[in-house]
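> Below is the structure I would like to discuss, written out as structure tokens.
FYI, it's all coordinate maths here, none of it is from the lab. Since we're looking at a predicted model, the values are computed, not measured. Here the Cβ positions follow ideal geometry from the backbone for every residue, glycine too, while neighbour counts run over all protein chains shown.
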Amino acid sequence: MAGDSQAHDYLYSEKVGEALSTIAQWDRAHERKGVRSVPYLLHPLTVSAYVWDEGGSEDEAIAALFHDSIEDWDELTVDQ
């Protein structure tokens, strides 16, 4: 409802939301190596979901989102 000031019990933090947004933005133009027309984004999402499903922390799930990014893309740096 508009104007509702009740607190929400979110299932994940804003940090996870930011990580999802970032990886989605970076991955928009990338395909899985050796698999045509399959968005690369599906791979890190799957790995991250697996980590979380197996009891990993939120930080570990975020790390899983980015596990291939630095090594696969020459244009990215660790600072990004």
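> So how far apart, in nm, are the two label points at residue 13 and residue 46 if each is 7 Å from Cα heading toward Cβ?
Going by the 7 Å Cα→Cβ label model, 2.8 nm.
> Rank 56, 37, 13 by how far each Cα sits towards the positive end of the charge dipole of the range 11-62 (+1 on Lys, Arg Cβ; -1 on Asp, Glu Cβ) and give me just the farthest.
Checked the options; the winner is 37.
> Can you work out the FRET efficiency for the pair residue 30 and residue 57, with r the C-beta to C-beta distance and R0 = 22 Å, to the nearest 0.05?
Working: r = 27 Å, r/R0 = 1.21.
Calculated transfer efficiency: 0.25.
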